[in-house]
Number of protein chains: 4
Amino acid sequence: MSGNGFGHLFRFTTWGESHGPAIGCVVDGVPPMIPISEADIQIWLDRRKPGQSKYVTQRKEPDEVEILSGVFDGVTTGTPISLMIRNQDQRSKDYGEIKDKFRPGHADYTYWKKYGIRDYRGGGRSSARETASRVAAGAVARKVLSHLLGNAASVRGALVQVGPYKVSRDNWDWSETERNPFWCPDAKTAEQWAEYLDGIRKAGSSIGAVVEVVADGIPAGLGAPIYDKVDADLAKAMMSINAVKAVEIGAGFEAALLSGEENADEMRTGADGEPEFLSNKAGGVLGGITSGQPVVCRFAVKPTSSILTPRQTVDKDMTETEILTKGRHDPCVGIRAVPVGEAMMAIVLADHLLRHRGQVGV
Amino acid sequence: MSGNGFGHLFRFTTWGESHGPAIGCVVDGVPPMIPISEADIQIWLDRRKPGQSKYVTQRKEPDEVEILSGVFDGVTTGTPISLMIRNQDQRSKDYGEIKDKFRPGHADYTYWKKYGIRDYRGGGRSSARETASRVAAGAVARKVLSHLLGNAASVRGALVQVGPYKVSRDNWDWSETERNPFWCPDAKTAEQWAEYLDGIRKAGSSIGAVVEVVADGIPAGLGAPIYDKVDADLAKAMMSINAVKAVEIGAGFEAALLSGEENADEMRTGADGEPEFLSNKAGGVLGGITSGQPVVCRFAVKPTSSILTPRQTVDKDMTETEILTKGRHDPCVGIRAVPVGEAMMAIVLADHLLRHRGQVGV
Amino acid sequence: MSGNGFGHLFRFTTWGESHGPAIGCVVDGVPPMIPISEADIQIWLDRRKPGQSKYVTQRKEPDEVEILSGVFDGVTTGTPISLMIRNQDQRSKDYGEIKDKFRPGHADYTYWKKYGIRDYRGGGRSSARETASRVAAGAVARKVLSHLLGNAASVRGALVQVGPYKVSRDNWDWSETERNPFWCPDAKTAEQWAEYLDGIRKAGSSIGAVVEVVADGIPAGLGAPIYDKVDADLAKAMMSINAVKAVEIGAGFEAALLSGEENADEMRTGADGEPEFLSNKAGGVLGGITSGQPVVCRFAVKPTSSILTPRQTVDKDMTETEILTKGRHDPCVGIRAVPVGEAMMAIVLADHLLRHRGQVGV
Amino acid sequence: MSGNGFGHLFRFTTWGESHGPAIGCVVDGVPPMIPISEADIQIWLDRRKPGQSKYVTQRKEPDEVEILSGVFDGVTTGTPISLMIRNQDQRSKDYGEIKDKFRPGHADYTYWKKYGIRDYRGGGRSSARETASRVAAGAVARKVLSHLLGNAASVRGALVQVGPYKVSRDNWDWSETERNPFWCPDAKTAEQWAEYLDGIRKAGSSIGAVVEVVADGIPAGLGAPIYDKVDADLAKAMMSINAVKAVEIGAGFEAALLSGEENADEMRTGADGEPEFLSNKAGGVLGGITSGQPVVCRFAVKPTSSILTPRQTVDKDMTETEILTKGRHDPCVGIRAVPVGEAMMAIVLADHLLRHRGQVGV
């Protein structure tokens, strides 16, 4: 296990650098006979694609995915699915500035310290460009979920906080997320963000954000205690996304403030004879196993580290200097983390669905 | 990979139920020639041991660990170390109440739903009793860290919030954590908690908390991007602890509020020629790799679900009923999570230290 | 993955040394609701138990297994099953002879060279005593197979060659294996071996052997190409048994002599509408996936390295010396490898059955 | 773990079908700073390339490898290396014959039975074309070995038996393997094979073979007992190669015929103060750990299943029929298995070298 793969029965491995010829992934363990095409994957990639609004990086990448294996006559065959995306807009530029200096907040120093070498072009392997591979693998995971669970199963994400501005839960409308460039479920807050982020963008600054991902229609029973709890795997999955610094499930950090009485999601018998929970402080997971309630996960994304204000740093020779990062950037990298978070949720759930089927049957 | 193990080169697998004859773990991959004895492990188990104050469960367990393999002539041999702890105080009692009813907030319903059977005695496998095995394995991990990194390396934990009461960062004193029953680094706050928790305890209620774990003396370079980032593994490790609902690294959720300028940990050249960071918003991890700064992780623990106020629930036949949990409980299970969080931090770092040595050398 | 575990969804990890207090294993991933007791495991351990005839080691070990977890109300719960066997007959003796000298054919030198230390008492971790844990885990795997496949599924082993003497395929009678101390399926050959091994034993010598293990009633479709082919996993499983030097499936090495015409297992339609193969050169595996035919595996076991004739060797200081191994030994360690080979076959098939159910469903 | 990857710290995952657009692999865990280029990989691929003599398949594939990631400024960066080989000579033809019929000896029936679908074009995923990816990954593994062990380390293979004709050990000359189309180390035997295989080829038949792979210059201490013994991993690696039916280490099956006295590789003190073994029955592995002697592995390859004589079979509807396989075939697929066996040996050793460095250090 060398770090570039994730999952067990549904397992994917990614490869590629920001400015190499291509990036991609191999998705292994996909059940056979699931209809899938490049178009099915492309629709999800298009959501993450850069350059779609002024609030995200202006790098122009069509992010066209090619299926190189594992699909025959329009369906999966049970063999590994290799997906490749050619890099196109690796803008030729002078890397002199960042070649030898370490950009604060970026992984420049740690990659160099670990490996003794780093591909400094656009961040190399540590670039968020890698997340396109996650979204592609996530599209396959979504197919697995809908194939096995039907269309009731869904994984949706939203941006719920940008800097100090949080969405109003009362105004939450999932369909609204498709109507603004922020995946914001609340039209009013979206307007607020637009103005706020314009200011950030013009100042060459950046700001953090919080993403929420929710899976509905997930049956009770998924998760492999003790160490592969579904929430533990979600925490790992989300924390592995670039710039993520915190993850919470259900009540999350607010659970610290709750009494046992408040925290208890009481149960009643639903109309369908299944349990009906009166609240969802647990975020759909108890003891690491899904309860049948919506699985709710939030994560915090730090502000983009590339900003136009110079910051103090050192170079490879440990000489003190300063740096500012010109070029194409995301004023709020949290926006583009939404489809990535969705993808990771779909991947974790698909893997646990197969594992559950393996250990327990259905 | 069936869920009860954690780690790669340093890997441990736990087993055992709350009311079975014993619990334990097998720790595999420990480097040879490390001096270790049962006493070295016992000192850490004693910190987690129940019944040490009125603020935690009154179950009386000596938690005496036996080393069954892997140690010869007082040193590790490189072969698996089997550790066993006999259960002693499985109080004989009537389980009629919880045998068929699902306690809200507990894993009763989900284990039953997943497996079709559950060992309901004291929560069975989902009991926090399992965490004794983590602490034992963590003691071995600490030995690995000190053997390879020297005594400068340390992993320490503290309780930093109980309900609404947070410790003051200005009063932080690590040695204070050993002088109060809460692992509180701030004597004043400890007094406040004592009074607050007395009230909670007498009311038969419970409250959530936040734990912080810090590793000092960890060299730069540990972590295996992209998916086995050291922070991703910490997130998984902490989220896998019973009752944990949120994990953050460095600035954590507060990163959502920061600008890029504020978030950048600027670098200067230290006296020793190594980089000196002017802040630690990153929590010691950049791009999933340690930076040489202290590794800082916090996690939220929900309130104990076992409380004396009846809660609405259903039973196995989906008949509506209510339940209250009598017996020995923790008013704040977050207290005993401190040594468990420390153990998991030590385990994650030991595993990554060995992995780094394997892939990159030292 | 540190070397002491095997399997994926059905995974077991063993621990313990020949002369430590106990040996054992943790079996993880067992499906729930399978009836199992210590007696169900003991019957298989009794077959491997030492001291049952003059042809095997005279160490007296009752090999009584304790179930420490994972079973409740007589059935598996889906949580890890911890099995422990106390060592009893660690005969107190002077290890001066082997403490510093390396016994040729044993792992003395390599363990010392790898780890810098070794538990020299009875071979420590490298002793075949470890195989008792495999047999215990194999007993659990058999339960999984019969639970999911019914009683038609069976895994049986036989000794088919001792030195130059091979069993006659014409006289093969499975029930005969239970009537002689060699697991020999051919009564006549058993007599021959008895006389032959008497001579070997009296000479203080030893001899190699070949074991055959056959699984019947295994459905088509098990195996995870390309690298986790069922035959690849069998090869690993068998080669991991102490003293095994070769493994073959179906025609095995004889396949080198066959023409394509001879090697083709032609297919007809059976009475049940399933394919009927006219031969089984493939040994029940095609492309790494079971074909529904019997799975046939053979492996060679080298002669016991402990013999009464002195052999030249060196000690830890690289001083030349010689050594002879007194004490209790197996003149033909291949005999006791039969139940171990059966166990490993059952484990491989149980793991692949669960994996297949997970990836493909049933 | 879904079957298409192999290895732990050095881990590779392959993808691709015989008649898809491309095949390839992702090699993860390669240490940084190792000089490598496409040419370094190509030289090994060229050895396996089809169409190089009349004794192997006439499919024309240039097998040109592209490095898509993980290499920067001519050296490895520690990030995953993605290798791709475009398929070129997927001859357009009528697959009607094999589309619905199961070719005996091939994986047609089992893939169909497992997955319910198969890419029948040229065998799809089960085609030996996949082994090009192994050879590419093996080339990277060789670089790891030479980088860490120096040029003394080597992995070489030879064909040692074709049908009934074995090479003479007395005439063994490694350099001869480069001078005939069989990788035969004995010029005389090569002539014999040429004549013999001409007959086989003209008859449209095929024949089995035995390959031997030897690693020299491997230090003592590699291997992770108990289940990841270096010989167990070699057995798995070799058995996973298409058409392999048997694997042996050192004396292999002949060990069944040996007495303990004969089998003991006695030890003397060598000129360099290191042990000198007087024989190598063990094949360089004791207790699953390398001894410093050459690591010797042999495996049997069954005859190509595609032959020109009709064989009885059934189709998807279980209707009885017969089939013969026209087109381009290997009269002795064992020939092209030589570079594949070498690659797998290099991969197993590279993985264990990194694992050993991780667990024990160097």
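The values are calculated or read from the model by the stated rules, or taken from the named source; none is laboratory data. None of the values given here were measured: they were computed from a predicted structure. Glycine also receives a Cβ, built like all others from the backbone with ideal geometry; neighbour counts cover every protein chain displayed. To get the accessible areas, we keep the full protein, side chains included, count just its heavy atoms, and leave off ligands, DNA and RNA. Shrake-Rupley method; radii C 1.70, N 1.55, O 1.52, S 1.80 Å.
Specify the residue that is farthest from D:Gly361 (Cα to Cα); the eligible residues are those in region B:163-177 that are in contact with a strand residue (DSSP E or B) (Cβ under 8 Å, 6 or more places away or on another chain) and surrounded by 17 or more Cβ atoms within 10 Å (Cβ to Cβ).
B:Gly163
Does region B:128-140 contain any residue that is among the basic types (Lys, Arg), under 22 Å from the mean Cα position of the chain (by Cα), modelled with pLDDT of 90 or more and not in a loop (DSSP other than H, G, I, E, B)?
So far as region B:128-140 goes, yes, one or more of its residues are among the basic types (Lys, Arg), under 22 Å from the mean Cα position of the chain (by Cα), modelled with pLDDT of 90 or more and not in a loop (DSSP other than H, G, I, E, B).
Give region C:15-44 a look and list any residue that's touching a strand residue (DSSP E or B) at 6+ places or on another chain (Cβ under 6 Å), surrounded by fewer than 21 Cβ atoms within 10 Å (Cβ to Cβ) and not in a helix (DSSP H, G or I), or say none.
C:Ala22, C:Pro32, C:Met33, C:Ile34, C:Pro35
Out of all the residues in region A:188-207, which are aromatic (Phe, Trp, Tyr) and open to solvent by 20 Å² or more (accessible area, probe 1.4 Å)?
A:Tyr196, the sole residue that qualifies.
Go through region D:15-35 and report how many residues are more than 8 Å from chain A (Cβ to nearest Cβ) and either free of Cβ contacts under 8 Å to residues at least 40 places away in the same chain or closer than 11 Å to D:Ala136 by Cβ (or both).
2
Could you grab the pairs with beta carbons closer than 8 Å, sequence gap of 6+ or different chains, first residue in region A:320-331 and small (Gly, Ala, Ser), second one modelled with pLDDT of 85 or more and buried (at least 16 other Cβ atoms within 10 Å of the Cβ)?
Between residues of region A:320-331 that are small (Gly, Ala, Ser) and residues that are modelled with pLDDT of 85 or more and buried (at least 16 other Cβ atoms within 10 Å of the Cβ), the close pairs are A:Gly327/A:Ser306.
Output the residues belonging to region D:1-14 that are polar (S, T, N, Q) and either at positive phi or facing chain A (nearest Cβ under 7 Å) (or both).
D:Ser2, D:Asn4, D:Thr13 - these are the residues of region D:1-14 that are polar (S, T, N, Q) and either at positive phi or facing chain A (nearest Cβ under 7 Å) (or both).
Among the candidates A:Gly292, A:Gly327, which residue alone is at positive phi and at pLDDT below 95?
When all the criteria are applied, what remains is A:Gly327.
Among the residues of region A:178-187, count how many are touching a residue at least 60 places away in the same chain (Cβ under 8 Å) and buried (at least 17 other Cβ atoms within 10 Å of the Cβ).
Residues that pass the stated criteria total 2.
Counting only residues that are among the hydroxyl-bearing types (Ser, Thr, Tyr) and out of contact with any Leu (no Cβ under 6 Å at 6 or more places or on another chain), which one in region A:245-304 is farthest from the other protein chains (Cβ to nearest Cβ)?
A:Ser279
Give the residues of region A:1-14 that are touching a residue at least 60 places away in the same chain (Cβ under 8 Å) and either touching a Phe, Trp or Tyr at 6+ places or on another chain (Cβ under 9 Å) or open to solvent by less than 20 Å² (accessible area, probe 1.4 Å) (or both), sorted by residue number.
The answer is A:Phe6, A:Gly7, A:Leu9, A:Phe10, A:Phe12, A:Thr14.
Does A:Ile85 qualify as being open to solvent by 10 Å² or more (accessible area, probe 1.4 Å) and either on the phi < 0 side of the Ramachandran plot or at the interface with chain D (Cβ under 9 Å from one of its Cβ atoms) (or both)?
Judged against the criteria, A:Ile85 is not a match.
List the strands (runs of 3 or more DSSP E) that sit entirely inside region D:268-323 and contain at least 1 residues that are aliphatic (A, V, I, L, M).
D:295-301, D:311-314, D:320-323
Which residues, taken from region D:111-141, are under 15 Å from D:Tyr95 (Cα atoms) and basic (Lys, Arg)?
D:Arg118, D:Arg121
Which of (1) within 12 Å of chain C (Cβ to nearest Cβ); (2) farther than 20 Å from D:Leu145 by Cβ does D:Asn180 not meet, given it meets every other one?
All conditions pass for D:Asn180, except number (1).
Out of the residues in region D:96-116 that are part of a helix (DSSP H, G or I) and more than 7 Å from chain C (Cβ to nearest Cβ), state the one that is surrounded by the most Cβ atoms within 10 Å (Cβ to Cβ).
Checking each candidate, the answer is D:Asp108.
If I filter region B:56-66 down to residues being in a loop (DSSP other than H, G, I, E, B) and open to solvent by less than 20 Å² (accessible area, probe 1.4 Å), which single residue comes out as modelled with the highest pLDDT?
Ranking the qualifying residues of region B:56-66, first place goes to B:Asp63.
All but one of (1) open to solvent by less than 20 Å² (accessible area, probe 1.4 Å); (2) under 16 Å from D:Val338 (Cα atoms); (3) out of contact with any Cys (no Cβ under 8 Å at 6 or more places or on another chain) hold for D:Arg142; state the number of the condition that does not hold.
Single failed check for D:Arg142: (1).
So which residues in region C:326-344 are touching a helix residue (DSSP H, G or I) at 6+ places or on another chain (Cβ under 7 Å) and not small (Gly, Ala, Ser), if there are any at all?
Once the filter is applied, which keeps residues that are touching a helix residue (DSSP H, G or I) at 6+ places or on another chain (Cβ under 7 Å) and not small (Gly, Ala, Ser), region C:326-344 yields C:Asp330, C:Pro331, C:Cys332, C:Val333, C:Arg336, C:Pro339, C:Val340, C:Glu342, C:Met344.
Out of C:Pro225, C:Pro310, report the one residue that is farther than 30 Å from D:Phe277 by Cα, more than 18 Å from the chain's Cα centre (by Cα) and touching a residue at least 12 places away in the same chain (Cβ under 8 Å).
C:Pro225
Identify all residues within region C:251-264 that are open to solvent by less than 10 Å² (accessible area, probe 1.4 Å) and touching a residue at least 24 places away in the same chain (Cβ under 8 Å); write none if there are none.
C:Gly252, C:Ala255
Is it true that some residue in region C:155-162 is surrounded by 13 or more Cβ atoms within 10 Å (Cβ to Cβ), part of a helix (DSSP H, G or I) and not hydroxyl-bearing (Ser, Thr, Tyr)?
For region C:155-162, residues surrounded by 13 or more Cβ atoms within 10 Å (Cβ to Cβ), part of a helix (DSSP H, G or I) and not hydroxyl-bearing (Ser, Thr, Tyr): absent.
Are any residues in region A:141-154 part of a helix (DSSP H, G or I) and in contact (Cβ under 8 Å) with a residue 24 or more places away in the chain, and if so, which ones?
A:Ala141, A:Arg142, A:Lys143, A:Val144, A:Leu145, A:His147, A:Leu148, A:Leu149
Provide a single number: the residues in region A:225-238 that are open to solvent by 10 Å² or more (accessible area, probe 1.4 Å) and of a type in the set (A, V, I, L, M).
The number of residues fulfilling the criteria is 0.
Under 8 Å between Cβ atoms, at least 6 apart or on separate chains: pull out the pairs that start in region A:188-217 with a residue that is facing chain B (nearest Cβ under 9 Å) and end on any residue that is modelled with pLDDT of 95 or more and surrounded by fewer than 16 Cβ atoms within 10 Å (Cβ to Cβ).
Listed by first residue and then by second, the contacts come to A:Val210/A:Lys166.
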